[in-house]
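Visitor: A single structure is presented below for examination.
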Amino acid sequence: MTFLNSRFNELAPYVPGEQPQVRELIKLNTNESPFPPAPGVTAAIAKAATRLALYSDPTCQAVIAPLAKTLGVAEENVFLGNGSDEVLAFCFQGFTENGVIFPQTSYGFYPVFSQLYQLDAEEVPLKEDLSLDLAPYFASDKTVVIANPNAPTGLALSRPALTELVAADPERLVIIDEAYVDFGADSLIPLISQYDNLLIIGTFSKSRQLAGARLGFAVGSASLIKELNRLKFSFNPYNINSLTLAAGQAVLAEPDYFATCRNEVIATREFTQAELRKLGFETTDSQANFVFVKHPRLSGKALYQALREQKILVRWFDKEPIKEYLRITIGTKAQMQTLLTTLKVILEGQR
Ligand SMILES: *Cc1c(COP(=O)(O)O)cnc(C)c1O
């Protein structure tokens, strides 16, 4: 017996990275920040909690105003979602009349949303070196969705390369998912005043210590933002709860904390990457808060399992062409030192 509409029979939902409820694991599997939220966040949430009997502000003014200022755009250019996953869901639902084109190896939600909204989806394979081949996107008139830097490879495209794609066809929407942009790549946000067919997606989950609060955003022309609001107000006007609005506002009030954490993650990434190479790992030139690595002597699966036995959780994708790779989130320096020591022992056991 099923009550589910038959059009969802084939739907294969997104599989999130594990969120173990035990503390003794070193958790390097879902690209969260290893640092606590900005110091002001706890008090801001406590204060907002006294008003929980009321609905949250559907205009999200408390976050939109400072976020627009932080990003150097106008308030009419910013939209907030319940995580960037919700923003992406609105985009896949609302901006894809001609179908959608995205990389075959990228964020796992893109194919899920394509199925959910029954889109004509084209998946473009990566090049041999795992970088993006942009030629098929130029040749297509479908809505483009590209994560920059890409996940799980960590590789970034240059601003000029993406600008060329946006400029090539003003009638076609290009959506750039910048979940990891703060860790190295160039944001395309400064270009939204020039290109009405460009929409940038961002999140507070990776570089702003709020993954559990669920806060994402879109930046684009006033007209695109208006259209996103039409979708939101047809679905859930209160999509950002008041505790999350308070948390987001508090985070934006502490830009120095944000910069310190971000710089620390970048420095630890460079350290980890160099040490992994010394152990014989091949690494991509990751511009994100994770590294993407493989070892010539041990399979991705074997390494994943061996680390798990030692209470270190990383992400392994049982999928070509990245089956031999591990995606390892950058944690604190101490966590990464434990990871490196553990890997050394695992590799020595292989000799
Ligand atoms: C983590 C991630 C997201 C989702 O972030 P939320 O804001 O937590 O929903 C979106 N896109 C990419 C590429 C990601 O890695």
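Visitor: Mind checking which of 62, 110, 138 is farthest towards the positive end of the chain's charge dipole, using Cβ charges of +1 (Lys, Arg) and -1 (Asp, Glu) about the Cα centre?
Guide: My answer, from the dipole projection, is 62.
Visitor: Still on this model: Would the stretch 226-342 count as rounded, prolate or oblate if I go by the C-alpha gyration tensor, calling it rounded below 1.5 in a/c and otherwise prolate when a/b exceeds b/c, oblate otherwise?
Guide: Prolate, since a/c reaches 1.5 and a/b exceeds b/c.
Visitor: Another question, then. What percentage of the solvent-accessible surface of the stretch 27-165, computed with a 1.4 Å probe over protein heavy atoms, is contributed by carbon and sulfur atoms?
Guide: Percent of accessible area from carbon and sulfur atoms in the stretch 27-165: 54.
Visitor: Follow-up question, since we're still on this one. Which ³J(HN,Hα) values, rounded to whole Hz and listed in residue order, are derived for the stretch 140-147 from phi using the Karplus coefficients 6.51, -1.76 and 1.60 in 6.51 cos²θ - 1.76 cosθ + 1.60 with θ = phi - 60°, glycine and proline given as x?
Guide: Values, residue by residue: 9, 10, 6, 4, 8, 10, 10, 8 Hz.
Visitor: In debye to the nearest 20, how big a dipole does the chain give about its Cα centre with +1 on each Lys and Arg Cβ and -1 on each Asp and Glu Cβ?
Guide: It works out to roughly 1300 debye.
Visitor: Label points 7 Å out from Cα along the Cβ direction at residue 270 and residue 323: separation in nm?
Guide: About 3.6 nm separates the two model spin labels.
Visitor: Rolling a 1.4 Å sphere over the protein heavy atoms, what is the accessible area per residue of the stretch 172-247, to the nearest Å²?
Guide: 33 Å²
Visitor: To continue, here is another question. Test of understanding: what is the full-extension gain from residue 345 to residue 53, defined as 0.36 nm times their sequence separation minus their Cα-Cα distance?
Guide: That works out to 99.7 nm of additional length.
Visitor: On each of the three principal axes of the Cα atoms of the stretch 198-246, give max minus min coordinate, whole Å, ordered largest first.
Guide: On the principal axes, the stretch 198-246 reaches 30, 24, 14 Å in Cα extent.
Visitor: What list of ³J(HN,Hα) couplings, whole Hz, do you get for the stretch 200-211 from phi and the Karplus terms 6.51, -1.76, 1.60, once you set θ to phi - 60° and write x for glycine and proline?
Guide: Karplus-based 3J(HN,Hα) across the stretch 200-211 equals 9, 10, x, 8, 8, 7, 9, 10, 10, 6, 10, 3 Hz.
Visitor: Name the shape class, rounded, prolate or oblate, that the alpha-carbon gyration tensor gives for the stretch 141-278, where a ≥ b ≥ c are the square roots of its eigenvalues, rounded holds for a/c under 1.5, and otherwise prolate holds if a/b is larger than b/c and oblate otherwise.
Guide: Verdict is oblate for the stretch 141-278.
Visitor: Check which residues have an amide H placed less than 5 Å from residue 203's amide H, if you skip close sequence neighbours.
Guide: Counting only residues 5 or more places away or on other chains, the set is 217.
Visitor: Starting from 0.36 nm per residue, how many nanometres of slack lie between residue 253 and residue 278 once their C-alpha separation is accounted for?
Guide: Length gained between residue 253 and residue 278: 5.0 nm.
Visitor: Output the relative contact order of the stretch 134-268, whole-number percent, from Cα pairs under 8 angstrom with separation of 6+ residues.
Guide: Relative contact order of the stretch 134-268: 19 percent.
Visitor: Remind me, relative contact order of the chain in percent, using alpha carbon pairs under 8 angstrom and six or more residues apart?
Guide: Result for the chain is 24 percent.
Visitor: What is the distance, in nm, between label points placed 7 Å from the Cα along the Cα-to-Cβ direction at residue 301 and at residue 158?
Guide: Each label point is offset 7 Å from its Cα along the Cβ direction, giving 4.0 nm.
Visitor: Could you give me the ³J(HN,Hα) list for the stretch 280-286, computed from phi with Karplus coefficients 6.51, -1.76, 1.60 and θ = phi - 60°, whole Hz, x at Gly and Pro?
Guide: Karplus values, whole Hz, x for Gly and Pro: x, 6, 8, 10, 7, 8, 5.
Visitor: Related question: What is the distance in Å between the Cα centroid of the stretch 34-61 and that of the stretch 165-202?
Guide: Computed from Cα coordinates, the inter-centre distance equals 29 Å.
Visitor: Please list, or write none, the lysines whose alpha carbon is within less than 24 Å of the alpha carbon of residue 344, excluding same-chain residues fewer than 8 places away.
Guide: Straight-line reach from residue 344, under 24 Å: 27, 278, 294, 301, 311, 323, 333.
Visitor: If you don't mind, there's one more thing I want to ask. Using a Förster distance of 41 angstrom, determine the FRET efficiency expected from the C-beta separation of residue 12 and residue 196, and round it to 0.05.
Guide: 0.75
Visitor: Which values, in whole Å and largest first, are the semi-axes of the equivalent ellipsoid of the chain obtained as the square root of 5 times each eigenvalue of the Cα gyration tensor?
Guide: Working from the Cα gyration tensor, I get semi-axes of 32, 26, 20 Å.
Visitor: Still on this structure, I have one more. Over the stretch 291-332, average the accessible area per residue using a 1.4 Å probe and give it in Å², no decimals.
Guide: Computed with neighbouring chains in place, this is 45 Å² per residue.
Visitor: Using 0.36 nm times the number of residues separating residue 138 and residue 309, minus their current alpha carbon distance, what extension gain do you get?
Guide: Extra length available between residue 138 and residue 309 comes to 57.0 nm.
Visitor: Amide H of residue 101 versus every other amide H placed in the peptide plane: which residues, excluding those fewer than 5 positions away on the same chain, fall under 5 Å?
Guide: The list, which skips near neighbours in sequence, is 122, 143, 144, 145.
Visitor: Once a ≥ b ≥ c are taken as the square roots of the eigenvalues of the Cα gyration tensor of the stretch 1-91, is the result rounded (a/c under 1.5), prolate (a/b larger than b/c) or oblate (a/b not larger than b/c)?
Guide: Because a/c hits 1.5 or more and a/b fails to exceed b/c, the stretch 1-91 counts as oblate.
Visitor: Please list, by residue number, everything in the stretch 181-197 whose backbone N is under 17 Å from a paramagnetic label point 7 Å out along Cα→Cβ of residue 167.
Guide: The answer is 187-197.
Visitor: Moving to a separate point now. Taking every DSSP beta bridge that has both residues in the chain, what percent is antiparallel when rounded to the nearest 5?
Guide: Given both bridge residues lie in the chain, the antiparallel proportion sits at roughly 50 percent.
The values are calculated or read from the model by the stated rules, or taken from the named source; none is laboratory data. Computed from a predicted model, the values in this text were never measured in an experiment. Counting neighbours? That spans all protein chains shown, and the Cβs are built from the backbone with ideal geometry, glycine included. We work out accessible area using only protein heavy atoms, side chains counted, and drop any ligands, DNA or RNA first. Shrake-Rupley method; radii C 1.70, N 1.55, O 1.52, S 1.80 Å.
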